[in-house]
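Data first, discussion second: the structure below is written as C-alpha cells.
The values are calculated or read from the model by the stated rules, or taken from the named source; none is laboratory data. Keep in mind that what you see is a predicted model, and the values were worked out from it rather than measured. All Cβ positions, even for glycine, are placed from backbone atoms using ideal geometry, and neighbour counts span all protein chains on display.
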C-alpha cells in the first residue's frame, strides 16, 4: 500500500494529535530523539525488519512534531529539495563533503 506524506501525516494527526498536544512540543521532541537513537542502534544490529520498524517510528514522531507546530512536511520538503540539492542545485548532489572517503 502506498500513501503520500500528506496522507500519512494526516493519519498520525488523527491518531495521536490529542495525546501529542497534551504532551507538548518539547516532550514530543524528546520522544522523537529517543526514536532516532533506537534507529541508530538498529544499524549496528543490521537487522532489516528492526531498521524498517525504527524508520517508521522516527517518521511517525517527526509527523507528530510537524503537526504540533502546523508544518506540512510534504510541502516544505518539496519546496526545499524538489529541484535537487539546496546548496549546489544538482541531482545528484555534487557538493564536497568533509568525509575522509568521498561518496561515489
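So the values come out like this:
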read-out: Test result for residue 31, surrounded by 14 or more Cβ atoms within 10 Å (Cβ to Cβ), over 22 Å from residue 78 (Cβ atoms) and in contact (Cβ under 8 Å) with a residue 12 or more places away in the chain; value: yes
read-out: Residue 16 being assigned to a helix (DSSP H, G or I), surrounded by 15 or more Cβ atoms within 10 Å (Cβ to Cβ) and over 16 Å from the mean Cα position of the chain (by Cα); value: yes
read-out: Tally of residues being loosely packed, with under 13 Cβ neighbours inside 10 Å and under 20 Å from residue 3 (Cβ atoms) across the stretch 43-64; value: 1
read-out: Residue within the stretch 96-103 that is modelled with pLDDT of 95 or more, more than 13 Å from the chain's Cα centre (by Cα) and surrounded by fewer than 11 Cβ atoms within 10 Å (Cβ to Cβ) present; value: no
read-out: Which listed residue is without any contact (Cβ under 8 Å) to a residue 12 or more places away in the chain, surrounded by 13 or more Cβ atoms within 10 Å (Cβ to Cβ) and part of a helix (DSSP H, G or I), from 67, 10; value: 10
